[in-house]
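Worksheet: the structure to be examined is printed underneath.
Readers should treat all values here as calculations from the given coordinates under stated rules, not as data from a laboratory. All values reported here derive from a predicted model rather than from experimental measurement. Backbone-built Cβ (ideal geometry, glycine too); neighbour counts: all protein chains shown.
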Amino acid sequence: MRVLDLLATLVFASCIAWAADPQPPITTGQRVATCGHSFHVFTYRQVEQIAVAAGLKHQSVGLSSIGGSTVQKHWDVPEEKSTVKQVLKAGGADVLTLSPIWLPDEAIEKFVKLGIEHNPAMRITVQEYWMPNDEYEPVYPLQTKKKVDHNATDLAKLRDATMRYAQDIEDYVKGINQRLGKDAVLIVPVGMAAVTLREKIVKGEAPGLKQQSEIFRDNWGHALLPLQFLSSYCHYAVIYRKSPVGLPVPLAFGTLKDMSDDDRAKLNTQLQQIAWDTVSAHPMSGVK
């Protein structure tokens with residue numbers, strides 16, 4: 001019995017060690033396709049810019065952009081009109097990024113199966129996005145005209161709402177991966193990163209940003225440049241399993257008015273660090 005107990009202990013210990021090992025960074029440029037709405041599609045070009053700045057030969061190979069879209073709306077586009085479907089059927093993508101709004105969204109799994117069928121090594125990311133109207137109200141039609149004061153939002157309640165939505169995303173993705181028999185679908189925890197940034201703004205710790213409303217274009221929650229790049233840094237971190245910290249300030253930051261070059265540089269570093277801390281701590285990002 002002692003020998004059997006020892007063998008069981010060794011096997012258990014080796015399994016724990018294997019599970020704890022981080023996945024190695026991806027050092028070759030990835031071919032990335034994207035289906036998304038206005039809370040997501042900007043990452044398509046921004047991640048390319050970030051990756052190129054990191055010395056990677058990143059390729060943006062297909063984009064489906066539909067405002068206010070579920071993933072199902074992208075799936076419903078006929079193949080002859082869908083660049084993304086054509087690329088997936090040709091095995092021409094290493095990564096497909098998706099951004100549902102509310103769940104369930106059965107087309108996530110449809111895209112996953114299509115991509116994996118033609119490229120078994122393909123990875124699919126699902127964006128967990130920030131809460132529209134600063135609340136978790138998963139209803140259709142979308143409530144885009146509500147009166148919201150982002151500066152008055154209770155961030156403790158917002159974090160709780162974001163965590164509930166994040167749990168729904170995790171449960172949904174786990175189900176897909178279990179049916180696939182492998183962890184091909186990953187999560188990009190943009191929503192949690194956005195809450196962290198807003199907490200820093202309220203504490204006066206976000207260089208160049210004085211109010212939460214400075215990261216939103218409207219009540220609904222469309223992103224302005226700081227939130228856009230926070231999201232894109234999160235996607236870069238998941239796609240390449242690499243920290244974006246230390247990469248140069250994007251040229252687009254030059255459009256941030258009433259902000260010094262020093263604040264732009266510090267804000268960029270902060271966004272990179274929040275993205276990496278959030279992604280590397282998430283159990284379903286593929287980083288650990």
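The figures follow:
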{"quantity": "Cα principal axis extents for the chain, largest first, Å", "calculated": "68, 52, 40"}
{"quantity": "The range 50-88-the range 258-288 distance, computed between alpha-carbon centres (Å)", "calculated": "24 Å"}
{"quantity": "Value of relative contact order over the chain, rounded to a whole percent, pairs C-alpha under 8 Å and six or more apart", "calculated": "19 percent"}
{"quantity": "Rounded to 5, the percent of DSSP beta bridges in the chain classed as antiparallel", "calculated": "5 percent"}
{"quantity": "Placed amide H near Phe216: partners under 5 Å, 5+ positions off or other chain", "calculated": "Leu224"}
{"quantity": "Cα-Cα separations in the range 17-129 greater than 21 Å, expressed as whole percent", "calculated": "37 percent"}
{"quantity": "Estimated inter-spin distance, Val52 and Thr28, nm [label 7 Å along Cα→Cβ]", "calculated": "2.2 nm"}
{"quantity": "Pairs beyond 30 Å (Cα-Cα), from Lys73/Lys210; Lys146/Lys288; Lys146/Lys203; Lys57/Lys110", "calculated": "Lys73/Lys210; Lys146/Lys288"}
{"quantity": "The range 136-257: C-alpha gyration tensor shape, a/c 1.5 cut-off, then a/b vs b/c", "calculated": "oblate"}
{"quantity": "Relative packing of peptides 154-165, 173-184, 48-59 - highest average C-beta neighbours within 10 Å first", "calculated": "48-59, 154-165, 173-184"}
{"quantity": "Residue-averaged [θ]222 nm for the chain, counting only DSSP H segments that reach four residues, each worth -39500 (n - 2.57)", "calculated": "-14500 deg cm²/dmol"}
{"quantity": "FRET efficiency, 1/(1 + (r/R0)^6) with R0 35 Å, evaluated for His118 and Lys200 via beta carbons", "calculated": "0.25"}
{"quantity": "Net charge of Cβ neighbours under 15 Å - reference Lys200; Lys, Arg +1; Asp, Glu -1", "calculated": "0"}
{"quantity": "Ranked by how many other beta carbons lie within 10 Å on average, peptides 130-137, 187-194 from highest", "calculated": "187-194, 130-137"}
{"quantity": "Amide H partners (placed H, <5 Å) of Gln59, local residues excluded", "calculated": "Gln30, Arg31, Val32"}
{"quantity": "Additional length obtainable on full extension of the chain from Glu135 to Arg45, 0.36 nm per residue less Cα span", "calculated": "29.6 nm"}
{"quantity": "Sorted by Cβ density within 10 Å, fewest first, the residues Tyr233, Tyr129", "calculated": "Tyr129, Tyr233"}
{"quantity": "Local electrostatic count, Arg123, Cβ distance below 13 Å [Lys/Arg +1, Asp/Glu -1]", "calculated": "+1"}
{"quantity": "Of Lys89, Lys147, Lys210, the one that fluctuates the most in a GNM where the chain has Cα springs shorter than 10 Å", "calculated": "Lys147"}
{"quantity": "Residues with amide H under 5 Å from that of Thr97, placed H, sequence gap 5 or more", "calculated": "Ala33, Thr34, Cys35, Thr125"}
{"quantity": "Where N is the number of residues in the range 193-278, Cα Rg divided by 2.2 N^0.38 Å", "calculated": "1.01"}
{"quantity": "For the range 216-251 versus the range 164-184, the gap between their alpha-carbon centres in whole angstrom", "calculated": "24 Å"}
{"quantity": "In order through the range 33-49: 3J(HN,Hα) via Karplus (6.51 cos²θ - 1.76 cosθ + 1.60), integer Hz, x for Gly, Pro", "calculated": "10, 9, 10, x, 10, 6, 8, 9, 5, 5, 5, 4, 8, 5, 5, 4, 4"}
{"quantity": "Proximal charge balance of Pro250 [Cβ under 15 Å; K/R count +1, D/E count -1]", "calculated": "0"}
{"quantity": "Karplus (6.51, -1.76, 1.60) ³J(HN,Hα), θ = phi - 60°, over the range 272-288, in Hz, Gly and Pro reported as x", "calculated": "4, 5, 4, 4, 5, 4, 6, 5, 5, 8, 7, x, 10, 8, x, 7, 10"}
{"quantity": "Sparse-neighbour loop sites [GluC sites (Glu not before Pro); the range 165-259; at most 12 other C-beta within 10 Å; DSSP]", "calculated": "Glu205"}
